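Have a look at the structure below before the remarks.
The values are calculated or read from the model by the stated rules, or taken from the named source; none is laboratory data. Because the structure is a prediction, the values reported are computed rather than measured. Virtual Cβ from ideal backbone geometry, glycine too; neighbours counted across all protein chains shown. In case anyone asks, the SASA skips ligands and DNA or RNA and just uses the protein heavy atoms, side chains included. Shrake-Rupley method; radii C 1.70, N 1.55, O 1.52, S 1.80 Å.
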Amino acid sequence: MTSAEQVKQRIEIVTLAGESCQLQRAGRMWRARCPFHQERTPSFYVDPDRQTWHCFGACGTGGDVFSFVMRRDGVDFRTALEHLAERAGVELARGSTRGGRSARGGPAQQALEAAARFWQEQLWHDVVRGKDGEVARRYLERRGVDRASAERFELGYAPEDGHATLEFLRGRGFDDVALTEAGLVVDVAGSGRGGRDRFRGRLMFPVRDERGRLAGFGGRVLGEGEPKYLNSPQGPLFDKGGLLYGLHLAREAARREDRLVIVEGYMDVIAAHQHGFQNVVAGMGTSLTERQAKLARRLTGVRTIVLALDADPAGQKAIIRGLPVLLHALADDPGYFDAEALLDPARQHRGVDLRALVLPDGSDPDDLVRHDPDRWRQLVEDAPRLLDHVVQVAAAAADLVSPEGRAAFVASLRPLLEAIDDPVLRAAYGQRIASLAGVDAEAVVPRRGSARSAAASAPRAPAREPGPATLQELDALALVVALGREAAEEAGVTPDRFLAAGAAELCALLLVRRAADDGPLEDALPTELEPLWAAVTARRLTALSGPAARQELQHLARWLDLARLRQAEAAVRDELGRLEASAGAGRIAALAAQAAEEDDGPSSEESEVAREAARLWVELREVQRAIDRARDALRGAPAA
């Protein structure tokens, strides 16, 4: 049996997938909203018998435990295999991992682990240099760190002697190449003793990645000297922009609380965990990077990320500079960012709710959690939305009296507006900024290019109906039963084509079971779908086969397309009807025409109505053109 087969045998797909989405029973299957894209109706199915998963929504793909990790973490097969092998306790053959000596598990990382153990001994047992460790122990005592917390975070002490660590590691068989790659030794060529320790006289903080693998260290000087904190050098193992300190210890608590708090320093994290706030991590002393943001969301699945911000102006400006990157990072991570959730708490389940915890002047998280934990808890609970906070901070620091000051204020926030993909949210914040600056909203809200405008005017996807399936939907499902998944895919029959929610769900279940070629569907059928299943099996089409049946399935797929477009047309006409009822049909037509002719559109309160009317008319025309093409396809004519 290969290593990959051993891993698949030991890893349960339901447990693995359930860490990223809320699975619910559906007969013998499990289903959920797909963790890889946003959706309202569950299209993600897990088959515990076959140990497979499949998304019948926007992803349109599936696979096994390896493909799930590859898609979830954005990694290749080898990395997914290494991750799952470690989780399953399967030892991979030496040489099967990628990279050279500095690869995970290679000599460089083994040297890191050996150094961490050595420094822990120095902290608690003074093994090599008498009472050296006492300096570090006194420091921890002053900072209120108990021994249990120090041991949980594997704190250690690097002796003041510049060769103690180097001599210990060489004595354990590590050569200078491994020690240099691990970032533990410097000046190998220039020193008369063949190098010296990078970390000397420092309290050591081992930094592990999200899977608990040692990546490097941070060291705090305990006497005179600079820098105050010294990190391992950037390299294959220690990638500062892709690490969050304490994430391997915080991820489970963050999942339970559905909230992750990101602070600045190592000691902040340790103090928070010691006092019961175990959903706290640190950003390695840098502004939060794109990779750190994606890592935090992907590994914890939380809906709320709280950034603990320094009250000083420099810290506030750093957040303003970094926020557009953060918004883009989460918006590009499928299913993980919903801009509207920043304004509407009721929608927070659809994406990340970014919050700002503003620390009182002169305080840091370490102080608060030790001396006033209730206040820390309240600050986390009451943290305002990050976008609101950034706008307020920029306004407070701006000259909103002079024209030049107002222009500078708007210009400082324009990158933030550009980073907001949702047009409604962008307009709302644009109006707020314009109000603060005392200018028209049109001068603030960035214009989007033709590609975005075209996307915005594309026909909308109609909502699925809770009512019964149509005869055409029943026939399409019956032919899927008769012909199987291959014919369904060839005809383009997928769950998203059905209007009735039950029909869409049954289609997904049918395709999953047909893909697995496993047992009668009745065994996996949810109770609420049994009447629909009875109606499908009553259709005589379930007995059809051959080219004629495949042609009929293709015809039904086109009909389903046409039905969805007609529903979309009705939805647009309903919206137009509401506008006409409030302002009059003639007035709406005139305003729409005016908005279409003028670049800036009419001014005054009517401008919003005019733009909305123009948008709806454009959308209606797009839907009607799509309907014409669908009718041609249904008749067998070539599409225009």
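Look at the range 32-71 and say how many of its residues are of a type in the set (D, E, K, R), open to solvent by 30 Å² or more (accessible area, probe 1.4 Å) and outside any loop (DSSP other than H, G, I, E, B). Within the range 32-71, residues that are of a type in the set (D, E, K, R), open to solvent by 30 Å² or more (accessible area, probe 1.4 Å) and outside any loop (DSSP other than H, G, I, E, B) number 1. For the residues ARG355, ARG370, ARG377, ARG321, the requirement of being in a strand (DSSP E or B) and either at pLDDT 90 or above or open to solvent by 60 Å² or more (accessible area, probe 1.4 Å) (or both) singles out ARG355. Only one entry of ARG447, ARG497 meets the criterion of being under 30 Å from VAL618 (Cα atoms), of a type outside the set (Ser, Thr, Tyr) and modelled with pLDDT under 75, and that entry is ARG447.
From the list ARG25, ARG40, ARG71, the one residue that fits, being more than 17 Å from ALA508 (Cα to Cα) and modelled with pLDDT under 85, is ARG71.
Looking at ARG558, ARG564, ARG539, ARG578, just one residue is surrounded by fewer than 16 Cβ atoms within 10 Å (Cβ to Cβ) and modelled with pLDDT of 70 or more, and that residue is ARG578. Here GLY62 clears all of (1) more than 18 Å from LEU299 (Cβ to Cβ); (2) touching a residue at least 60 places away in the same chain (Cβ under 8 Å); (3) in contact with a Gly (Cβ under 9 Å, 6 or more places away or on another chain) except the condition numbered (3). Set side by side, the residues ALA164, ALA136, ALA111 differ, and just one is in contact with a strand residue (DSSP E or B) (Cβ under 6 Å, 6 or more places away or on another chain), at pLDDT 90 or above and crowded, with 20+ Cβ neighbours inside 10 Å, which is ALA136.
Taken over the range 249-261, the criterion of being within 18 Å of ASP353 (Cα to Cα) and open to solvent by less than 10 Å² (accessible area, probe 1.4 Å) is satisfied by ALA253, ALA254, LEU260, VAL261. Screening PHE118 with (1) closer than 19 Å to TYR245 by Cα; (2) outside any loop (DSSP other than H, G, I, E, B); (3) at pLDDT 95 or above gives one miss only, at (1). Report yes if VAL281 is open to solvent by less than 30 Å² (accessible area, probe 1.4 Å) and either in a loop (DSSP other than H, G, I, E, B) or under 24 Å from ARG220 (Cβ atoms) (or both), otherwise no. The answer is yes for VAL281. The set of residues from the range 139-161 being surrounded by fewer than 20 Cβ atoms within 10 Å (Cβ to Cβ) and of a type in the set (Val, Ile, Thr) is empty.
In summary, LEU214 fulfils each of the numbered conditions (1) of a type in the set (A, V, I, L, M); (2) farther than 30 Å from THR300 by Cβ; (3) open to solvent by less than 20 Å² (accessible area, probe 1.4 Å) with the single exception of condition (2).
Condition (residue is touching a Leu at 6+ places or on another chain (Cβ under 6 Å), at pLDDT below 80 and buried (at least 16 other Cβ atoms within 10 Å of the Cβ)) applied to the range 518-526: is it met by at least one residue? No.
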